[in-house]
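Student: First the structure, then my questions, so here it is.
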Amino acid sequence: MAASHAATDLIQPYDLVYSGAFRLPDVSTGSDWTYSGYGMTFNPHGDPDGPSDGYPGSLYAVGNDQDQMIAEISIPRPVVSAGKRLADLNTAAMLQPFTEIRSLLFGYMDLPSPGLAYLPAQGGQTTDKLHFCWSQWIQTGAPSHGWCELDLSHPQIAGPWRFGHYSNYLTNDYLFEIPEDWARENTPGLRLVSGRYREGQWSGYGPSLFAYGPWLDGNPPAADSTLGHITLLLSYGADLENPEVSIDASRTISDYSLADTFAGGAWLTHGGSAAVVLCGTKAVGESWYGFGNGVEYPYLDVDEDTVYPAVPDWPYDNRGFWSEDISAQLLFYNPDDLAKVAAGTLAAYEPQPYAVMTLDAYLFDGAAIDHERAKKHLLGAMAFDRANSLVYVMERRADEEKNIVHVFAIDPDGAGADDDGDTPVDDGDSGDDDAGDGTSDDDTPSDDDTAGADDAADGSGGGGGSGGNCFISTVF
């Protein structure tokens, strides 16, 4: 497909210059940072008394997957550790303690996954908001979105709301801001993107993106109401209002694989250039539903005569979607293509990524499935500091069972994030001492993940994917 931007107007993978990484806090209250990594957003007004080190603001993020409380942390100066030594990295500090949001609105959720997005006050709002959504593994017709105040001690939670009449499997995982000028021209009043790209083709054969503006439905909309101001930007599914999204082999992202999982996103801008980027774990080689040792488990067109295999011994006894290998990747979409979908001049399944960036070389814990730790997801959430062109990406469970945050600067000249062009190395901070203990991991599938749609296509022969351990840029 021909891109509508000139090449110079698109942010390319080689424009992202690595600035280093930092660790998450060891000391916390209420929860901890183990087994986390889903849901993160940048607050430009956070940590106003922090150092003037080129990394202003703060991050709101979701903690341990068992609790999924929200906290605010500082952004320390990232460090490039040539030997990938955790001790070299600086450690973020807690700015606001873990606060319960999810259970107050949604109660118990099976394998939940959250999205967070900071956004300045919109419409009749008088304060900036922290927008959120929550999905779970099996979810149909459920309310999923809301907002709260940035002061987590007085969150004034609003919601939850149903996301139009669209399937939950399309709408409620990653959240991020739409730049004001693009929204003004293409989705007036709609300043947020919500979407999902989960394994198992239940989101269709690729990611989905929707623009929405809940403040247009009330300030706030009534709890359990249905949001009406939504514009479709991208989806590879069919019959999008069906609780179990229909799929069509003609509607697929390039190089789709059954075990692909992308849980973060951001709308990047730098000068006059832009890109919509999704981050996640790309399945490499063959993919299947079943067990990690390659044993397939029937889940399509099953009946009383279906023969099921025996459950393998540990560590291959976790049932879910698997692949031969995995790779940490960023997918780059052209905003002009999304504008055409919003205008109705391009079908929602026609846009394709114009480039892919592989982050395997930057990972501290490596780009491989770890069956003994039940780890098969490499990247989690993503956040963006628009004023300073800084990209934040979570690497899951790289610091024992905590995450680390990688930082990239959008710098077409290649100077990096620092004013002097230098990259700090081995400037570590010992951080705090009291690490919390995690008790659960959402990488471990539940038995409920067998309930696939009857009309789903057979995904046992998954797509390829670019492997290896180095940076790549692929233009489609």
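Every number in this text was worked out from the coordinates using simple rules, so none of it is lab data. Keep in mind the model is a prediction, meaning the values are calculated, not measured. Neighbour counts run over all protein chains shown; Cβ positions are idealised from the backbone, glycine included.
Student: Net charge near N334: determine it from the other residues with C-beta under 14 Å of the C-beta of N334, scoring Lys and Arg +1 and Asp and Glu -1. All intermediate terms of the calculation are to be shown ahead of the outcome.
Tutor: On the way: positive: K340; negative: D9, D336, D337, E350.
With Lys, Arg at +1 and Asp, Glu at -1, the neighbours total -3.
Student: Which FRET efficiency, nearest 0.05, do D303 and Q156 yield, Cβ-Cβ r, R0 56 Å?
Tutor: Once the sixth-power term is evaluated, E becomes 0.65.
Student: Structure shown: which of K375/K402; K340/K376; K84/K402; K84/K376 lie over 24 Å apart, alpha-carbon to alpha-carbon? Write out the running numbers ahead of the final one.
Tutor: Numbers: K375/K402 12 Å; K340/K376 35 Å; K84/K402 15 Å; K84/K376 20 Å.
Listed pairs above 24 Å: K340/K376.
Student: Quick check for you: which residues of region 13-50 have the amide N under 13 Å from the point 7 Å beyond the Cα of E100 toward its beta carbon?
Tutor: Output list for this probe position: 30-31.
Student: For region 1-154, what is Rg from Cα atoms divided by 2.2 N^0.38 Å, rounded to two decimals? Could the numbers behind the result be given before it?
Tutor: Working: Rg = 17.8 Å, N = 154, 2.2 N^0.38 = 14.9 Å.
Against the empirical 2.2 N^0.38 Å value, I get 1.20 for region 1-154.
Student: Across region 288-376, how large is the tail of the calculated P(r) beyond 15 Å, expressed as a percent of all Cα pairs? Numbers along the way, then the final one.
Tutor: Values: 2798 of 3916 pairs.
The calculated P(r) of region 288-376 puts 71 percent of pairs beyond 15 Å.
Student: Viscosity 0.692 mPa s, temperature 37 °C: Stokes-Einstein D of the chain from its Kirkwood Cα radius, in µm² per second? Let's see the in-between values first.
Tutor: Details: Rh = 22.2 Å.
Using the Kirkwood radius from Cα pairs, D works out to 148 µm²/s.
Student: Using every pair of alpha-carbon atoms in region 130-240, split the distances into 10 Å bins beginning at 0 and state the percent of pairs per bin, rounded to integers.
Tutor: 15, 47, 32, 6, 0
Student: Still on this structure: Spin-label point model (7 Å from Cα, Cβ direction): what's the D53 to S225 distance in nm?
Tutor: Placing both labels 7 Å beyond Cα along the Cβ direction yields 4.4 nm.
Student: Given C-alpha coordinates of region 297-348, what is the ratio Rg to Rh with the Kirkwood estimate of Rh? Walk me through the numbers before you get to the answer.
Tutor: Details: Rg = 20.4 Å, Rh = 16.0 Å.
Ratio of gyration radius to Kirkwood radius: 1.27.
Student: Provide the packing ranking of 87-95, 117-125, i.e. peptides ordered by the mean count of other C-beta atoms within 10 Å per residue, highest first. Walk me through the numbers before you get to the answer.
Tutor: Values: 87-95: 20.6, 117-125: 16.6.
Highest mean packing first, the order is 87-95, 117-125.
Student: Related question: Could you tell me the center-to-center distance, by alpha carbons, between region 18-44 and region 220-255 in angstrom?
Tutor: 30 Å
Student: Quick one: if you stick a label point 7 Å off each Cα along the C-beta vector at D325 and N293, how many nm between them?
Tutor: If labels sit at D325 and N293, their model points lie 2.3 nm apart.
Student: Would you compute, from DSSP H runs of 4+ residues alone, the mean residue ellipticity of the chain at 222 nm, taking -39500 (n - 2.57) per run and dividing by the full residue count, rounded to the nearest 500?
Tutor: Values: 4 runs with 25 residues, N = 476.
So the helix-based figure for the chain works out to -1000 deg cm²/dmol.
Student: From the square roots a ≥ b ≥ c of the eigenvalues of the alpha-carbon gyration tensor of region 121-194, which class results: rounded (a/c under 1.5), prolate (a/b over b/c), or oblate?
Tutor: Working: a/c = 2.21, a/b = 1.16, b/c = 1.91.
Oblate, since a/c reaches 1.5 and b/c is not below a/b.
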